[in-house]
1. Considering only helices (runs of 4 or more DSSP H) fully contained in the stretch 76-176, which possess at least 3 residues that are of a type in the set (A, V, I, L, M), more than 21 Å from residue 13 (Cα to Cα) and over 10 Å from the mean Cα position of the chain (by Cα)?
2. Which count do you get for residues in the stretch 136-145 that are at pLDDT below 90 and surrounded by fewer than 17 Cβ atoms within 10 Å (Cβ to Cβ)?
3. Quick check on my filter: what residues within the stretch 71-116 are on the phi > 0 side of the Ramachandran plot and surrounded by 16 or more Cβ atoms within 10 Å (Cβ to Cβ)?
4. Search the stretch 151-169 for residues being closer than 15 Å to residue 111 by Cα, in contact with a helix residue (DSSP H, G or I) (Cβ under 7 Å, 6 or more places away or on another chain) and free of Cβ contacts under 8 Å to residues at least 40 places away in the same chain, and hand back the single one that is surrounded by the most Cβ atoms within 10 Å (Cβ to Cβ).
5. Quick check: is even one residue across the stretch 121-137 closer than 19 Å to residue 45 by Cα and touching a Leu at 6+ places or on another chain (Cβ under 9 Å)?
6. Might you let me know whether the stretch 13-26 holds any residue that is out of contact with any Phe, Trp or Tyr (no Cβ under 6 Å at 6 or more places or on another chain), modelled with pLDDT under 70 and of a type in the set (Val, Ile, Thr)?
7. Inspect all residues belonging to the stretch 53-71 and state whether any of them is of a type outside the set (S, T, N, Q) and over 21 Å from residue 127 (Cα atoms).
8. From 108, 78, 148, 144, grab the single residue that is among the charged types (D, E, K, R) and over 24 Å from residue 46 (Cα atoms).
Amino acid sequence: MVAGDASTATGRRAAAFATATRARARTRVRRRTLLSQVDAGVTHEAAGVILFKHIFRIAPQALPLFSFGRVEGAEVNDALFENEALKAHATKVVATVATAVGMLTKLDELVPILTRLGTKHVGYGVVPEHYAVVGEALIATLSDALGDAFDAETKAAWVAVYGIVQKTMIGDNYDN
């Protein structure tokens, strides 16, 4: 692929992304409000640790995908969630999600970031099925953190946004 092809493909993805989201403009405004109001009073680190507990509850076999999971004796147990490398990574993941939510009004900037992040994750051994695990874990984390405030409308907003993130990150990175 030549450089021009890459930017054209990115442009097409950005255009498709923008078209799909414009079709739901009124819903998007309401969802954006719901997403931006999420503040469970926990740090990114605490939320990230909860997220990774859910990821490894759902898919313990994913542990070796992470540097902290490739050390001798690594296993999914309480000690893992005290690991500084896991905490640092978990913090970064939650901060990235927060940044993405904050950029929902800047799709022209967000789409290339998510596209690059998806390409980067291919190199880590991430496959499309892993995105569903993370999505399920994210929804469970939000439910844990928000309790009764995580109502059906808020859940639907997060599911929709994560679906777009997932689709954008998977993009053209995998053979169908």
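1. Working: elements: 84-102, 107-123, 128-146, 152-170.
Ranges flagged: 84-102, 128-146, 152-170.
2. Here is the first cut: in the stretch 136-145, the residues at pLDDT below 90 are 145.
Subsequent filtering for residues that are surrounded by fewer than 17 Cβ atoms within 10 Å (Cβ to Cβ) retains none.
Qualifying residue count, the stretch 136-145: 0.
3. Within the stretch 71-116, none qualify.
4. Per the stated criteria, the residue is 162.
5. Checked the stretch 121-137: at least one residue is closer than 19 Å to residue 45 by Cα and touching a Leu at 6+ places or on another chain (Cβ under 9 Å).
6. Yes, that holds for at least one residue.
7. Yes; the residues of the stretch 53-71 include at least one that is of a type outside the set (S, T, N, Q) and over 21 Å from residue 127 (Cα atoms).
8. Working: 78 fails: over 24 Å from residue 46 (Cα atoms); 148 fails: over 24 Å from residue 46 (Cα atoms); 144 fails: over 24 Å from residue 46 (Cα atoms).
When all the criteria are applied, what remains is 108.
The values are calculated or read from the model by the stated rules, or taken from the named source; none is laboratory data. If you're wondering where the values come from, they're calculated on a predicted model, not measured in any experiment. We place every Cβ from the backbone using ideal geometry, glycine too, and count neighbours over all the protein chains shown.
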